[in-house]
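Enquirer: Dumping the structure here so I can ask a few things about it.
The values are calculated or read from the model by the stated rules, or taken from the named source; none is laboratory data. Since this is a predicted model, take the numbers as computed values, not measurements. Cβ: placed from backbone, ideal geometry, glycine included. Neighbour counts: every protein chain shown. With ligands, DNA and RNA removed, areas are computed over all heavy atoms of the protein, side chains included. Shrake-Rupley method; radii C 1.70, N 1.55, O 1.52, S 1.80 Å.
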Amino acid sequence: MATKYGGYTGKVLLIDLTSTTAKLYPWSDQERKRYIGGKTMAAKILGDQLPKDTDPLSEENMLVITTGPFTGSGVPSSSRFNISTLSPQTGILTSSNCGGNFGYYLKKAGFDALIIKGRSEKPVWLEIYNQSVTVHSASKLWGMHTSKVQETLDEKLKTTNGKHRKSGKIVIGPAGENLVRYACIASNERLAGRGGTGAVMGSKNLKAVTASGTHTVKVHDKKALDKLNRKWFRYLKKHPLTGDQLPRLGTAGLVSTMQMRGQLATRNYQYGQFNDYEKVNGETLAETFHIGNKGCLSCPIKCARTVEIDGKAVKGPELETLGLLGGGILNNDMNHILRWNYELDELGMDTISAANTIAYAMEANEKGLWDNDLQFGQVSEISQLWEDIALRRGIGDELANGSKWLSEKYGGKEFAIHSKGMELAAYEPRRTVGLGLGYAVSNRGGCHLNGGYMVLLEGLSMNVDQQNPHGKPDLTVIFQDLMEATSACGQCLFTTYAFFPPPLIRNPNSWYTKAFCKAVPHLGPVLRLVNKFPEMLCFHLPVIFNQSKALNLVTGMPSSFGRFIKAGKRGYTLERYINTGFGISRKDDSLPERLTRIPQIEGDETTKVPLEKMKNVYYAARGWSHDGIPTAKTLQKLGLSELTKQINQESET
């Protein structure tokens, strides 16, 4: 199972917890070239292995933890790893990306990916060291919070001379143990936050996995890669987004911009502005509470905030947490948000879904649909509520199921703010309609990043008309594909923010920036040509997008900007096709009626998401049917001919 390509160990490990066995999973160089790694590799494995009637919390479901060829290669911001599974929150394929160090150390142990299936009879944790696997009892770890279990594992992994063995860890907290549908997995202080991956891990009675070893990652052309990396690091550190805004304020710095643009989700997305936003924005966090920056391995951006809770330096909140636990529930106390962020991380719960779920509950209570005592602006008991959710105690037992489940029981579907069962991020889509489309068509549900993050153009860094839907579907496709390929390589998506040349960001009032922003809505036909025939871009984009060149230098695979786009397109379409097997079609690419039928600004019909019209253009750009199903022709064009055969066999049946 060796590989001729750089950037890979050439081995994938499959562990069956039911039989407590471990073996190598076959993964060829042809598959490495076609699927690269990360979430695309994981999608292929899950698509091959999971029957369409799989229960997400059954032992048949799998956790697939993947790295990319950039992981451990020295490429900037390349410590990311991916966890994919069938989601207990959405019932479809989910992928959750994490900046912790587990992926780096999984490669040190000699593996590109780890597949976990089955279920242990009793709680266990797994130790992977230099291609050997040991199963340990986790009875004494069960119930521990995420930081405590990692500290305990450090003690257990001490070497004979008393030193800590450097290792990567993934762990769950009480929320994962109790199958909270939006429970997450922690690695260091970073979280694979979305889709309920922690609940799947808990359903397998798996508390933790550690990885360590002495293997090194070899690259195809180290000298040329080192030269490229030096230039790349310098560019990221000088770019106004990756070198100034993110290091200085983190993602929290976007709160004020979103307020100005009417994009800050407020009172369960009833409004786009929060009167007390200055009390919970990035500037207040930086000036009053911030005590230092942190970054993931090999990252020059260092966007993470560090704050103090009970005398301990811990990871601070990002934009989504500030927005949704601030204006989202009408809380203006930053101290509350800092503590809640820490508590949710310790319990192992996604802050986005947790915040949106209680916002739904507050409005359902207000409208008389569900008597639960929760009220907007009344937040003194929220810390207790988090623990109740994690332990499925009292009202927490129902809140643990998320807003979609609650709305199906109590009503109020029009204000349960999710897509496909996954709650939306903090960007109010009625004032960023391109992102509204992205939320709806995203493969894993209401995700801003998997949705293409059009808000970057629609107000956060550029000033493209927020309400104009023209050109947005084709741009969404390109942005999704570029991010998909970048993620498959194992690199942080924040590096793609530097795609826009610095002068456009630094000089928003210049004639050339204004001309660019005015031109974007009219670029649909040109972008459609790129979406249909990405191979025609048979070159690399120097300086502003180094990923395609780096892929060639790391692996030795033929690469170009167009090939890179096509790789992302292949991954995105593969995930979509797998999800159609679990019932996904046009009807599921939806948003709640509050966002599509009720204008944010009364009387201004442009301040709602014109979703159905944009979906038609989006499907055409992707080569999908009117119902949102990838056609056999598109699958074949993307090198997914084996799926075409499956379609034909199913049609004959």
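Enquirer: Send over the semi-axes of segment 52-211's equivalent ellipsoid, whole angstrom and largest first, taken as the square roots of 5 times the C-alpha gyration tensor eigenvalues.
Expert: Taking √(5λ) for each eigenvalue gives 23, 19, 14 Å, largest first.
Enquirer: Quick one, what does Rg over Rh come out to for segment 481-627 if you take C-alpha atoms and the Kirkwood Rh?
Expert: Here Rg/Rh amounts to 1.01.
Enquirer: If you don't mind, there's one more thing I want to ask. Roughly how many whole Å is it from the C-alpha centroid of segment 573-636 to that of segment 1-45?
Expert: So the two Cα centres are separated by 32 Å.
Enquirer: Could you calculate the contour length gain from SER137 to SER625, that is, 0.36 nm times the residue separation minus the distance between their Cα atoms, to one decimal place in nm?
Expert: Length difference between fully extended and current span is 170.7 nm.
Enquirer: Let me ask you something else. At what distance in nm do the modelled label points of ASP55 and SER641 sit from each other, each positioned 7 Å from its Cα along Cα→Cβ?
Expert: Using points 7 Å along Cα→Cβ, the separation is 4.0 nm.
Enquirer: Cβ neighbours within 10 Å, averaged per peptide: list 525-536, 291-302, 574-585 in order, most packed at the top.
Expert: 574-585, 291-302, 525-536
Enquirer: Something else: Using only the alpha-carbon atoms, what does the chain span along each of its principal axes? Please give whole angstrom values in decreasing order.
Expert: 67, 58, 58
Enquirer: Turning to a different aspect of this structure: So, for segment 28-70, what is the accessible surface per residue at a probe of 1.4 Å, expressed in square angstrom?
Expert: Accessible area per residue, segment 28-70: 33 Å².
Enquirer: Sort out for me the Cα centre separation of segment 77-121 from segment 394-420, rounded to whole Å.
Expert: 27
Enquirer: Where in segment 607-643 does the amide nitrogen come within less than 17 Å of the point 7 Å from the Cα of SER585, taken along Cα to Cβ?
Expert: Under cut-off, by backbone N: 616, 619-620, 624-632.
Enquirer: Going through segment 307-414, which GluC sites (Glu not before Pro) have at most 11 other Cβ atoms within 10 Å and a DSSP loop state?
Expert: Answer by residue number: GLU381.
Enquirer: At 1.306 mPa s and 10 °C, plugging the Kirkwood radius over alpha-carbon pairs of segment 325-404 into Stokes-Einstein gives what diffusion coefficient in µm²/s?
Expert: Taking Rh from Cα pairs, D becomes 127 µm²/s.
Enquirer: On to the next question. Kindly give the semi-axes, whole Å and largest first, of the ellipsoid equivalent to segment 27-147, taking each as the square root of 5 times a Cα gyration tensor eigenvalue.
Expert: Semi-axes (√(5λ), whole Å): 23, 20, 14.
Enquirer: Right, something else. Tell me, what % of the accessible area of segment 1-119 is carbon and sulfur with a 1.4 angstrom probe?
Expert: Here it works out to 47 percent.
Enquirer: Let me know the charge dipole size of segment 129-187 about its Cα centre in debye, to the nearest 20, where only the beta-carbon of Lys, Arg (+1) and Asp, Glu (-1) is charged.
Expert: With Lys and Arg at +1 and Asp and Glu at -1, about 160 debye.
Enquirer: Could you run the Karplus curve 6.51 cos²θ - 1.76 cosθ + 1.60 with θ = phi - 60° over segment 340-349 and give me ³J(HN,Hα) per residue in whole Hz, x for Gly and Pro?
Expert: Whole-Hz 3J(HN,Hα) from phi for segment 340-349: 4, 4, 5, 5, 5, 4, 5, 7, x, 10.
Enquirer: Give me the dipole magnitude in Debye, nearest 20, for the chain about the Cα centre, with unit charges on the beta carbon: positive for Lys and Arg, negative for Asp and Glu.
Expert: With only Lys, Arg, Asp and Glu charged at Cβ, the dipole is about 3020 debye.
Enquirer: Next up: Any idea how far apart HIS164 and LYS613 come out in nm if each label point goes 7 Å out from Cα toward Cβ?
Expert: In this crude label model, HIS164 to LYS613 measures out at 5.6 nm.
Enquirer: Could you give the length gained by full extension between SER510 and GLU535, i.e. 0.36 nm per residue of separation minus their alpha carbon distance, to one decimal place?
Expert: This chain segment gains 5.7 nm when fully extended.
Enquirer: Using a probe radius of 1.4 Å on heavy atoms only, what accessible surface per residue do you get for segment 208-299? Whole Å² is fine.
Expert: Value returned for segment 208-299: 48 Å² of accessible area per residue.
Enquirer: Follow-up question, since we're still on this one. Compute the Kirkwood hydrodynamic radius of segment 18-95, taking the inverse of the mean of 1/r over all pairs of distinct Cα atoms, and give it in Å to one decimal.
Expert: Taking the inverse mean of 1/r over all distinct Cα pairs, segment 18-95 comes out at 13.8 Å.
Enquirer: Could you report segment 383-462's accessible area per residue, 1.4 Å probe, as an integer in Å²?
Expert: With the other protein chains kept in place, segment 383-462 gives 21 Å² per residue.
Enquirer: A further question follows. What spacing in nm lies between the two simple spin-label points modelled at LYS222 and THR606, each 7 Å away from Cα in the Cβ direction?
Expert: 5.7
Enquirer: Probe radius 1.4 Å, ligands and nucleic acids ignored: give me the carbon and sulfur share of the accessible area of segment 436-592 as a rounded percent.
Expert: The computed percentage sits at 66.
Enquirer: Can you tell me the length gained on complete extension of the stretch LYS633 to LYS122, counting 0.36 nm per residue apart and subtracting the Cα distance?
Expert: Going from the current span to full extension adds 179.2 nm.
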